[in-house]
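Notes for the one structure printed next.
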Amino acid sequence: MSLRKSVPALILFAALAFALHATAQDDPAWTRPFPPFRIAGNLYYVGSEELASYLVATPQGLILINSSLESSVPLIRKSVETLGFRFSDIKILLISQAHNDHCAGSAKILQLTGAKYFVMDADVSVVESGGRTDFQYGGRADMRYPPAHVDRVLHNGDSVRLGDAVLVAHLTAGHNKGTTTWTMNETETGKTLHVVIVGGPNVNPGYKLVGNKAYPQISRDYEYGFHVLKSLPCDLFLGAHGSYFGLPQKYARWQSGDRDAFIDPAGYKTWIAGREQAFEAELKRQSAASQ
Ligand SMILES: [Zn+2]
């Protein structure tokens, strides 16, 4: 085959491979319903099997973390109501990151509940433009979602308070410019448990860690994010995706009576270390290739 013929074929193949990978929306676990349950204290799981959403219940109303896909909204609503709460009592909506699998449903939820939307500073323009200013996917129509107005701009280390609940927003960027890891303390049978909801430390296919004009500080942000994640005390290991922390496996244990199934400080450390190694290996590979 001549080069002239093979180059377009190669480009087509690469585009196809990328498109196939990027449409993880086709992963049935993203939309597969999952039983809602109380994790600890006033913290509940209300997401699908893979797209994690959390509910924090207080006497002054509810906080929801992650609206997920547009199609997730009815599932989340059903989970909230199955637990005995009113969807309209959601006062504050938070997200892990401004990718469509965590925030595409936000506009709908804000409209249905009248909740206020609190988003990390560097992700504000992304959610308010419906994904158009995303450094990687801004040009991808299939990654867009309904824009949603942000009511409060969060900064690294800010607290979100409602009733007796206090959540802290930690900037753990790189995956997005505003990737947010949420922490809070829960009390369960007299013990204080440190909760960490990891925002997303993965390097997606196609991410440029070296010479990224749209996000020049990307690799420094990842490094800072891993520094933060390693410094957070963690008893209850949770995250934006169920697969981060082994949701189905731990839930099976929870269901058979092990109420400590999600307490996993060692699993947290191991998983973060693995993600950091994957980042470092990719950075090394890209640095070598750019020389
Ligand atoms: Zn993402």
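The values are calculated or read from the model by the stated rules, or taken from the named source; none is laboratory data. Since the structure is predicted, the reported quantities are computational estimates derived from the model, not experimental observations. So basically every Cβ, Gly included, is an ideal-geometry build from the backbone, and we count neighbours across all protein chains shown. Side chains included, ligands, DNA and RNA excluded: accessible areas come from the protein's heavy atoms. Shrake-Rupley method; radii C 1.70, N 1.55, O 1.52, S 1.80 Å.
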If we sort 194-201, 151-158, 115-122 on the protection proxy, mean other Cβ atoms within 10 Å, highest first, what's the order? 194-201, 115-122, 151-158
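Accessible area per residue, 1.4 Å probe, Å², for the range 140-235: what's the number?
On the way: 4220 Å² over 96 residues.
With all protein chains present, the range 140-235 gives 44 Å² per residue.
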Near Lys213, which lysines are there with a Cα under 18 Å away, not counting those fewer than 8 places off in the same chain? Lys177
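Can I get the semi-axes of the chain's equivalent ellipsoid? Compute them from the C-alpha gyration tensor as square roots of 5 times the eigenvalues, in angstrom, largest first.
Values: eigenvalues 209, 91, 71 Å².
With the √(5λ) rule applied to the chain, the semi-axes are 32, 21, 19 Å.
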Within straight cross-link reach of Lys116, meaning Cα distance under 12 Å, which aspartates and glutamates are found once same-chain residues fewer than 8 apart are removed? Asp89, Asp151
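What percent do you get for the relative contact order of the range 156-257 when only Cα pairs under 8 Å and 6+ apart count?
Here the relative contact order equals 24 percent.
Contact order normalised by length for the chain, with contacts defined as Cα pairs under 8 Å and 6 or more residues apart; what percent is it?
Working: 556 pairs, mean separation 37.8, N = 291.
Here the relative contact order equals 13 percent.
Over the chain, what percent of the accessible surface lies on carbon and sulfur atoms, probe 1.4 Å? Walk me through the intermediate numbers first.
Numbers: 7360 of 13260 Å².
The C+S portion of the solvent-accessible surface of the chain is 56 percent.
Taking only complete DSSP H runs, can you tell me which helices of the chain stretch 24 Å or more along their own long axis by Cα positions and average at least 0.5 on the Kyte-Doolittle scale?
On the way: long enough: 3-22 (28 Å, 1.51); 265-289 (36 Å, -0.74).
Helices passing the filter in the chain: 3-22.
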